[in-house]
Every structure is written in structure tokens, then in C-alpha cells.
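This report concerns only the one structure given below.
The values are calculated or read from the model by the stated rules, or taken from the named source; none is laboratory data. These numbers come from a predicted model, not from an experiment. Here the Cβ positions follow ideal geometry from the backbone for every residue, glycine too, while neighbour counts run over all protein chains shown. Protein only, heavy atoms only, side chains kept; ligands, DNA and RNA dropped before computing areas. Shrake-Rupley method; radii C 1.70, N 1.55, O 1.52, S 1.80 Å.
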Amino acid sequence: MENDIVVTKEHLLEEVKKFAEKDARFVIATCVDLGEKLEIIYHFDTLGEKPNLVNLRMQFSQDEEIPSIASIYPCAALIEGEIVDMFEARIKGIPSGLLLAPDSPKAPLRKKKGEKKKEVK
Amino acid sequence: MAKTVLTFGPQHVVFPEPIQFKLKVEDEFVVGAEPVIGYVHRGIEKAFELNELKKNIFLAERICGICQSPHSTAYVLGVERLMGIDAPARARYIRVIINEMNRLHSHMLWFGLLGDAIGFESYFMQVWNYREKLMDVLEKITGNRVTYSMNAIGGVRRDISDELQKEINRVLDFLEEALKSVDGVLRDYTMVKRTKGVGVLTEKEAKRDGAVGPTARASNVPYDMRMLGYDAYCDLEFKPVVVDTCDSYGRAVVRWKEMFQSIELIRECLSKMPPGDIMTKSNALPKGECVIRVEPPRGELFYYLKGNGTKNLERVKVRTPTFANIWPTITMLTKGCEFANVPVIVLSIDPCISCTER
Amino acid sequence: MPGMISLILRNLFSKPVTRRYPFEKRAPFPTARGQIVFARMKDCVFCGLCMRNCPANAIKVDKASKTNTLEPFRCIQCVMCVEVCPKKVIDVLPDYTKPEYEKTEIKFVQK
């Protein structure tokens, strides 16, 4: 995609702070299961003449705990809660159970081995 | 006085759908709020991965009941970009016409609900009566009142004939007159008293909390995805409606002005619409990833699509406008608003909970 | 609000804009997508395209018994089947599916 910046989890908060100083808008974070690793793409809008999307990509393995950006952008707490529920990622200070109930399937959006593509009824 | 926690929702008269706010109340004033969502989660993002490409259009439409046409537009635009095809010019104009008519009827619905919430039943019925004319013409064009199913990958499924174009123009003329006859609601004493200065969201907060749509534009942030020029918007004269009152009244004014803007945009589309095909056929399979952002009535809609060269998509992420507007609502609520104003504030973002949770 | 008083008074003394629904029905628009029906079963070749393209899995095609089964309460009237049918067997009717007590199936058999 256009305007990609790759970061590691150690430098995530620094990069996000740069966006916050520029008064950029946090659009959303997308989590993608790459198989062995997870990737979170943080989308920011720099609000120029026209809306302009900048993506911050961060790869991490599932057993790592990653920092939460909710201290800089409070609205990110909601989407981080969703990522915790849907991918069982570990994000510092974010509890699970935003969208899913305790008896729901665990981490439904992770790719499971041998899962067949079947029709949803 | 000690703080009391009052639960607002999940079932409440101003919400058609379930969402809960846990409000911390001191006397009559709200000092803290916490959203509780997850009552209507349907797992649509998972279903997107399991279903086939073409069938997903109908799934995308069913994420939201009212702004369903922008949902399928966003999905279809994303798949087209991944396939490397473009819809024909006429199809792009038809998409804009349907999306703008959708915005028009959604805003009229919202004004009806606003009248209902402040106890002005007659206004509510009057606006919904006018809206019915629009729904009828939409049914004539697309075949259904609510779920239009107009978009297909590579174009649209139905053409708009000359006869229907005349009918649309007639209805638009009627609506312009009719809406002007009830515009007194924005000057009405009770209405102004209930909304002015209620639910203040400053420009800085709107940017920090990521407000979208009329909520952002009422806080002086010119943030409208139609500026990106997707579909035929690049050929149309378009400037976002921006108001700087930063309160619930401003949000009503933005929606009011946008209705007339939509009418103008539809007229412009009808006059500029080129003849020709409405469908590009292609057998390519989507590969790569892309982000599509479109503007439904409630604000920015975000689609992330990742294809892997098969007829199933690898990942679809949907961020609906209300999801982005929940946090600004919390900011507005926790500024010490009166408890009686909570319904007006929540209504002013035009909440749509089922699409929030997908 | 004073601006709307004349409008409200006019509404008070004029005919209601709503219809008395079960007794008075509006004729459906000819372009409406009301329900689908396998109208020309004698042309059907049982290729199963309608079944594979149905997003709601409402159609079942059985070649052995030459029967197409439609579940009208699962059908979402998207009219994909009408578009993909190579023999133009399926028609779309403008009037809507009537409410029923039980979810029924409609069987279309080729004679």
C-alpha cells in the first residue's frame, strides 16, 4: 500500500507520538494473521488539503506483549480491545471481552490449520 | 455527594439497537461514562473470509440497514482495485446517485427521530411522509425500498432510464420545496434550547478522538471522504459542509445543509451522466491489499481488503462510522452534561450499533 | 412552532396519507424485486448455476428427480439466479412473499 512505515514494537510509541504532535487523526488499526506472525497496521489520517492515509505496520509473534497506544490516542482502546478478542493478541493494559462473551469461540479470526472454506449459512 | 453509577441502555427508547453506557452521575451531572458493546456481534468479518467474492456483496449490504449502499460500494471498489479493473463512467455516476439518495433519506430519517426525541410528533410524521416519496422512487430504480443490491463487481446491475431520470428530478423538486416548508425546526425555541451548547466537542477533541462525518464537520473539521474523489465524485463540484458551533445544534445544521447538497449533487449527476455500458466484465482474481474509504450518511467508512489470488478474500476489516464516533460521545458525555441531555447527545451522532459490532 | 401551524391544521382536516393496509393495497411497481419463480421449467437443464450463485443458499437443484426446490423464507430477492440462468427459466415477480405461519418450501418439477 502507499505511505507505509514499518516499525518494531519498541519504537511504536515514539512513531505514534509523532503523529499525535502533527494533530493527525487515528483512523483504525487492522490486525492480520500472517500465519506465524501477526501484523497490526495502524492507519492515521494527516488531514491535509485532502484526507491522506498513512499506515504504520508492526509485526510481532503471538506470545509477545505489545504496547497499547491508548495512552496517546484514547479512542484506540476500543479497537485494541477488539484485536485482543479476535486474535488473542496480548496488548498491555487492554482487557478482553469487548465484543465476545466468555462462552464465545476463542480468537475467531485467527487462521486455524485445516480450516475449510465453507459456505456460511 | 457520592457518585452513583446509572446504566443507560442496552434497551432505551432513543436507541433502536442495544448499546449500554455506564454513566457515573453526581447529582444531575454526568462525570464519567463507559461504553459496553457486544450485544449484537454477528461475526461478519469472519463470514467475509469464508464466503465467495460475489456473494460477499450481499453480505456487505447487510452490515447496516440504512447506509447499506455505501457498504457495498466500498467493498466493490476495493475488489475492483485488487482486480485492476475500473467500472464504466455511467456505472460510477449511477453509484453516486444511489449513494446520495441514500444519504438524503438517512438524514430525513434522522430529523424525524430528532423530532420524536424532543417530543415533536407532528414534525416526525411530516418528514417521514416526505421521505416515503424518496423510498418509492428508490424502489422503482433498484427494485427494493431498503436493500438496493445495485452494485456488482465491475459496475452496477440496473440502468436508470430517461423516464426514471425525469421522475427523480420531479421528486427532488418536490423534496426541496417540502423540506423548505419545515425548516422552521432549526429556529424553533424548544429545539434550539434543547440542542444549542449541548454535547460540545471542540475541534482539537474531534481530531484527537477521531470523530467522523457530521460529528466532525460540526466541529469545524473538513473531513469528508467524498473529497478523495472516488466513483464520480472527482467530476462533481463538491465542498464539504462545515459548521463551527461544535454542539448538537451544529450537527443538525450540517445534516440539514447536506440534504440540499445531496439534492444538488444528484441533479448534477443526472445532467452529466454519460451514455454507455454499465458493467465491465473481468475474470481476474483479487491479489494484494488495499484500503477503501467512502462516505456514508454517518461518516467515514473504512474497508481493508487483502486478497490472495483465490476466489476467497484473506482478510476484510470493516470500520463503520459509529465505531469511530463512540469515543467522541464519551468525551461529550463526561464534560459534566445534565443527565436529561444524554439522549440528545447520543442521538446527535446518529448511532447505528449493529454496524458498529458487525 | 408557529411556522408549521398552517401545515398541521391542513393535515388535521385532510385525508390521511397512509393506506388502510390489509384492505387497500398499493399496486407493486413493475420493476420491484418481490419474489422469484421458476416459470419455464420445461427449458431447465439443471446446470445448478442458480444454486451455486445464490448467496443465501435458498435454491436446491436435483438433477435426478428433475426438481428445483426454493425456500422463499431464505431467499433475499437479490435476483442473482435470474441473471446467471443460461436458459432464462427464472422470473422475478413484483409482488412480495406473503407472510405464513410456517417456513415452507416450493418445489418446481419438470414434467
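Quick look at the values:
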item: Scope the stretch B:132-150; condition in a helix (DSSP H, G or I), more than 10 Å from chain C (Cβ to nearest Cβ) and open to solvent by 20 Å² or more (accessible area, probe 1.4 Å); matching residues; result: B:LYS133
item: Filter result (within 11 Å of chain B (Cβ to nearest Cβ), more than 20 Å from B:ALA211 (Cβ to Cβ) and either open to solvent by 70 Å² or more (accessible area, probe 1.4 Å) or among the polar types (S, T, N, Q) (or both)) within the stretch A:2-29; result: A:GLU2, A:ASN3
item: Residues of the stretch C:38-85 satisfying the condition of being over 29 Å from B:GLU139 (Cβ atoms), part of a loop (DSSP other than H, G, I, E, B) and open to solvent by 40 Å² or more (accessible area, probe 1.4 Å); result: C:VAL45, C:CYS47, C:LYS63, C:ALA64, C:SER65, C:LYS66
item: Test result for B:SER262, in contact with an Asp or Glu (Cβ under 8 Å, 6 or more places away or on another chain) and open to solvent by less than 10 Å² (accessible area, probe 1.4 Å); result: yes
item: Every pair of residues 6+ apart whose Cβ atoms lie under 7 Å, when the first sits in the stretch A:10-36 and is of a type in the set (Lys, Arg) while the second is surrounded by 13 or more Cβ atoms within 10 Å (Cβ to Cβ); result: A:LYS17/A:ILE72; A:LYS22/A:THR46; A:ARG25/A:PHE44; A:ARG25/A:ASP45; A:ARG25/A:LEU47; A:ARG25/B:LYS207; A:ARG25/B:GLY210
item: Elements of type strands (runs of 3 or more DSSP E) in the stretch B:268-358, at least 2 residues being open to solvent by 20 Å² or more (accessible area, probe 1.4 Å) and more than 10 Å from every other protein chain (Cβ to nearest Cβ); result: none
item: Residue tally, condition under 20 Å from B:TYR130 (Cα atoms) and surrounded by 10 or more Cβ atoms within 10 Å (Cβ to Cβ), over the stretch C:11-37; result: 7
item: Candidate set from the stretch B:226-251 (those that are touching a helix residue (DSSP H, G or I) at 6+ places or on another chain (Cβ under 6 Å) and in a helix (DSSP H, G or I)); member that is most open to solvent (accessible area, probe 1.4 Å); result: B:TYR249
item: Subset of the stretch A:34-76 (residues that are within 8 Å of another protein chain (Cβ to nearest Cβ) and either within 15 Å of B:ARG208 (Cα to Cα) or open to solvent by less than 10 Å² (accessible area, probe 1.4 Å) (or both)); result: A:ILE41, A:HIS43, A:ASP45, A:LEU47, A:ASN55, A:TYR73, A:PRO74, A:CYS75
